[in-house]
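As structure tokens, the structure follows; a few thoughts come after it.
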Amino acid sequence: MMRFNSPSDLFIRISLILNLFSVFCICDEICKQPDWVNFTKVIFMNESYRYSHHYYYSQTINLKQPHPFVNGSFKIFEEDKPIKPEFPLKYFESQVSKFEFLSIGYLDIYKNDKIIGQISNNLGRLLSGQLLNEKNTPIVTNLLYPNGKISIYYENILSEINERGTVCGIHGSFQCETGDTEHEIAVPAEWIKNGTLVEYEVIGAICPIHHSSEACLN
């Protein structure tokens, strides 16, 4: 497990969690169904919970959650650094060969030497130009599982997040015959609070048997 200390007043924790189960979609259905690029279907939402479907992943947001259990410790890195996964791992449809942590709050994800996606933890204007102590510094913990699940946990969020300049969530890049296709599943800024837990779980395995985004993601 790795803990990254960012010089931009933001702690990013990245953890790879071993899991015995794995379900993956082996196709690039988003190339055949371009309307999935911007598809979002909110299934249920109340004041503290939001569940939605997107291409390949569902997104669950829970407020006021305890820190996810992590069996291990974190390492601290204070500079941009490439990292190789310790076990087979997929992101969207692609096998991950390495990560590259950027101190500005991004985790680039690679297949060989090509970026296939990114996990963004950029809290925008919440970050000041002054170094804060660890007690008050925003902390974002990213947990990645071999079955495709991704968790993002926010703590020490002491002020309201401004949507402008905030880019949080996961992003995928796909090579299609017509060119590169991008897909983002963002965390709405108004849901980013102290104790927010965001979980992305694979639903892509059901896509090949349908012919529309509505059918696939219902």
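Each reported figure results from applying straightforward, stated rules to the coordinates on display, with no laboratory input. In this text, all values refer to a predicted model and were calculated from it rather than measured experimentally. With ideal geometry, Cβ positions are generated from the backbone for all residues, glycine too; neighbour counts draw on all protein chains shown.
Working ranking of peptides 138-147, 56-65 by packing, defined as the average number of other Cβ atoms within 10 Å per residue, highest first, is 138-147, 56-65. Between GLN65 and GLU100, the modelled labels are 3.0 nm apart [label points 7 Å from Cα along Cα→Cβ]. For the listed residue pairs LYS32/LYS149; LYS81/LYS149; LYS111/LYS149; LYS64/LYS90, the alpha carbons are over 27 angstrom apart in LYS64/LYS90. Listed from fewest to most Cβ neighbours within 10 Å, the set ILE203, ILE161 follows the order ILE203, ILE161.
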